[in-house]
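The values are calculated or read from the model by the stated rules, or taken from the named source; none is laboratory data. Small disclaimer: the values here were computed from a predicted structure and weren't measured. With ideal geometry, Cβ positions are generated from the backbone for all residues, glycine too; neighbour counts draw on all protein chains shown. Just so you know, the surface numbers come from the protein's heavy atoms only, side chains and all, with ligands and any DNA or RNA stripped out. Shrake-Rupley method; radii C 1.70, N 1.55, O 1.52, S 1.80 Å.
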Amino acid sequence: MRVSWQKKDNNKSVIIFFSGWGINPSFFECWDTDLEYDICFLYAYDKDLDQNIDSLCESYSKRVLIAWSFGAVMAEKYLSNSNLEFCAKIIFNGSLLPVHDEYGIPKLVFQKTIEYLDERNYLKFLYRTFGGLKKFKAEDIQYNSNSIESLIKELRFLGDLSNRCDCLFHNWTKVFVGDNDLIIPATSQLNFWEDYMQISIEKMEDVGHYPFVGIKSWKELIYKIGI
């Protein structure tokens, strides 16, 4: 796992953001960071947590945890070993059983993704994730600092992590579900949250897997989740 500070100005508040698979900080580099929060961006999950996030963020008086997509199961793993308190824990387009025939990506689809992943199919994933919002071309592979081999390794790790979940989940504050998600089907997400947790669910109409449509700053994201 990698850590990138999008902003570190010794503020009293911090956003801890668990990104999705295959999405590094460069996809968010155009977002304005003018807010009174530091921003800790986590990505590239290819093994169990090797960063002491608590030690990085324990000095803050206010902490907001936000997870997107596969970042949700990684954030859940982190919470199992964390002693920090959060004023809010938010998930966008994610499930805590992300590789599951009823609650996530069907297992066969996930396995085929691993088997056939190459640059072309990774770009197809990006296009499906962003719903055509970005017109990715071959040269846009530079957006990801990982090789295809490392992306495959990450997928395998996340799949194993999903299989290891013991169904004793932490309480999350709120989940946002895009009804046009082409990566983790919205019905599967809703099945999970409705079966496993009493939680506030906000359904986002005409929104795909990338849930931050129209958001251009971290301040707008904080406003959206109601902090």
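Per-structure values
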quantity	calculated
Given (1) within 30 Å of Leu190 (Cβ to Cβ); (2) polar (S, T, N, Q); (3) modelled with pLDDT of 95 or more, index of the condition Asn24 fails	(3)
Answer from Ala67, Ala44, Ala72 - the residue that is open to solvent by less than 50 Å² (accessible area, probe 1.4 Å), modelled with pLDDT under 95 and among the hydrophobic types (A, V, I, L, M, F, W, C)	Ala44
Residue in the stretch 105-121 that is charged (D, E, K, R), in a loop (DSSP other than H, G, I, E, B) and either modelled with pLDDT under 95 or open to solvent by less than 40 Å² (accessible area, probe 1.4 Å) (or both) present	yes
Number of the condition not met by Val3 [criteria: (1) closer than 28 Å to Ile199 by Cα; (2) modelled with pLDDT under 95; (3) assigned to a strand (DSSP E or B)]	(1)
Selection from the stretch 174-227 of residues that are over 30 Å from Ile114 (Cα atoms), of a type in the set (Asp, Glu) and in a helix (DSSP H, G or I)	Glu220
Breaking point among (1) closer than 22 Å to Cys165 by Cβ; (2) surrounded by fewer than 20 Cβ atoms within 10 Å (Cβ to Cβ), for Ile23	(2)
Qualifying residue in the stretch 8-23 (condition: acidic (Asp, Glu), over 19 Å from Ser82 (Cβ atoms) and assigned to a strand (DSSP E or B))	no
Subset of the stretch 81-92 [assigned to a loop (DSSP other than H, G, I, E, B) and in contact with a helix residue (DSSP H, G or I) (Cβ under 7 Å, 6 or more places away or on another chain)]	Ser82, Asn83, Leu84
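Conditions tested, residue by residue: (1) of a type in the set (S, T, N, Q); (2) open to solvent by less than 20 Å² (accessible area, probe 1.4 Å).
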{"position": "Asn191", "(1), (2)": "yes, no"}
{"position": "Asp195", "(1), (2)": "no, no"}
{"position": "Ile201", "(1), (2)": "no, no"}
{"position": "Asp206", "(1), (2)": "no, no"}
{"position": "His209", "(1), (2)": "no, yes"}
{"position": "Ser217", "(1), (2)": "yes, yes"}
{"position": "Ile225", "(1), (2)": "no, yes"}
